[in-house]
Amino acid sequence: MIPTMRNEVLIQAKSFSDFEVPDFPRIRKVLHLLKNRNPGLCVDLGYCRGSFADYLLAQGWRCIGIDIVRRITYETGIYTIQSDLFGDFPILDNSVDLITAGELIEHMTDETIFLQECWRVLKPGGWLALTTPNMSFLLNRVLVPLGKMPMFVYAPYHYRIFNLAALRRVLQESGFNIKHTTSSHILYSTRKHPSGKVFEALGDLYPTFGAHLIVIVEKN
């Protein structure tokens, strides 16, 4: 039997059942952009240990995780609803104040359906905060002309690839109003070395060159 795309994702998910978010600098930037939002209900899509919900819970948010793998983070008490997120989200219409989706949209087989579902479950004025690898990362601009594969973006479980212009376009076409645009870092972050603080700051100034795009949008 030839495996379907959904079965391939399920098989891949097993290897990430104990996955923990490795790059806090990216998480920290999103949290900074959300710091003035009044706490409400957050749905963290693709939730795993160390994701946005773990930190937002400590800031007064009520948090639910949704992921293809069912998880329970015992340290925080966050439970995960199991869903592959390819179709309808198991969430009521107009019920969510904030959706976070870290390094997820590139795994969707149809980003339009994914964003339509984000729109459906968000309240008017609700925010969607997402991050995704940047095809136009500064190092990729060197690697590709040399005939080498770009970093981050290519993987057998990545179905969509974005640069900043493409990501902004698909978000706006889905009806969202763009509030904030930045990137994680240029070259390397403080995850690798404390001097990465400089390149994280440059990621804010020149997001089109950043390793991971960070965009926050609002449902009108």
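The values are calculated or read from the model by the stated rules, or taken from the named source; none is laboratory data. Just so it is clear, the structure is predicted and the values come from calculations on it, not from any experiment. Neighbour counts are summed over all protein chains in view; Cβ atoms, including those assigned to glycine, are modelled from backbone coordinates with ideal geometry. Heads up: the accessible areas ignore ligands, DNA and RNA and are worked out on the full protein's heavy atoms, side chains in. Shrake-Rupley method; radii C 1.70, N 1.55, O 1.52, S 1.80 Å.
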Checklist line | Residue check, ALA155 open to solvent by 10 Å² or more (accessible area, probe 1.4 Å) and at pLDDT below 95 | finding: yes
Next item on the list: Give the residues of the range 179-192 that are at pLDDT below 95 and either surrounded by fewer than 16 Cβ atoms within 10 Å (Cβ to Cβ) or of a type in the set (Lys, Arg) (or both), sorted by residue number.
Entry: ARG191, LYS192
Check: Within the range 24-76, which residues are in a strand (DSSP E or B), touching a residue at least 40 places away in the same chain (Cβ under 8 Å) and not charged (D, E, K, R)?
Finding: LEU41, CYS42, VAL43, LEU45
Item checked: Total residues in the range 194-210, condition open to solvent by 40 Å² or more (accessible area, probe 1.4 Å) and in a helix (DSSP H, G or I) -> 9
Checklist line | Scan of the range 179-203 for residues that are within 17 Å of the chain's Cα centre (by Cα) and either within 18 Å of GLU103 (Cα to Cα) or of a type in the set (Gly, Ala, Ser) (or both), ordered by number | finding: HIS180, THR181, THR182, SER183, SER184, HIS185, GLY203
Checklist line | Filter result (within 21 Å of ILE113 (Cβ to Cβ), part of a loop (DSSP other than H, G, I, E, B) and not polar (S, T, N, Q)) within the range 77-88 | finding: ASP84, LEU85, PHE86, GLY87, ASP88
Note to self: Residue under question is THR181, and the condition is that it be within 18 Å of LEU104 (Cβ to Cβ) and either touching a strand residue (DSSP E or B) at 6+ places or on another chain (Cβ under 8 Å) or among the hydroxyl-bearing types (Ser, Thr, Tyr) (or both); does it hold?
What the structure shows: yes
Check: Yes or no: ARG37 within 17 Å of LEU171 (Cβ to Cβ), modelled with pLDDT of 95 or more and among the basic types (Lys, Arg)?
Finding: no
Check: Which one is least open to solvent (accessible area, probe 1.4 Å) among residues in the range 101-144 that are assigned to a loop (DSSP other than H, G, I, E, B) and in contact (Cβ under 8 Å) with a residue 60 or more places away in the chain?
Finding: PHE137
